[in-house]
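Right, one structure below, let's go through it.
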Amino acid sequence: MALKWADVLDIAIELSESKPDVDPRYVNFVQLHSWVIELPDFSDDPKRGGEKVLEAIQAAWIEEV
């Protein structure tokens, strides 16, 4: 499954599984961006990950936890 920036919920699930000890409320957007593009299934243009999509990913991750 290839993840794109639009796959906010799937990215949040992957992050919650790969970073179980991380509290997403305290992750800054620079670190979040880095973790997203490092996900094994992620295959989108890293430059397209702006603040709005990172905010949505973080919110979904908080909900997931």
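The values are calculated or read from the model by the stated rules, or taken from the named source; none is laboratory data. The model shown is predicted, which means the values in this text are computed figures rather than measured ones. In this analysis, Cβ positions are derived from the backbone assuming ideal geometry, glycine residues included, and neighbour counts consider all displayed protein chains. These accessible areas exclude ligands, DNA and RNA; they are computed on the full protein's heavy atoms, side chains included. Shrake-Rupley method; radii C 1.70, N 1.55, O 1.52, S 1.80 Å.
Details
- Pick from region 1-19, criterion more than 15 Å from Ala56 (Cβ to Cβ) and assigned to a loop (DSSP other than H, G, I, E, B), ranking: modelled with the lowest pLDDT: Met1
- Considering region 32-53, the residues that are in a loop (DSSP other than H, G, I, E, B), without any contact (Cβ under 8 Å) to a residue 40 or more places away in the chain and under 13 Å from Asp10 (Cβ atoms) include one that is most open to solvent (accessible area, probe 1.4 Å), namely Pro40.
- Of the numbered criteria (1) free of Cβ contacts under 8 Å to residues at least 24 places away in the same chain; (2) in a loop (DSSP other than H, G, I, E, B); (3) open to solvent by 50 Å² or more (accessible area, probe 1.4 Å), the one Val22 fails is (3).
- Single condition Asn28 does not satisfy, out of (1) out of contact with any helix residue (DSSP H, G or I) (no Cβ under 6 Å at 6 or more places or on another chain); (2) surrounded by 14 or more Cβ atoms within 10 Å (Cβ to Cβ); (3) of a type outside the set (D, E, K, R): (2)
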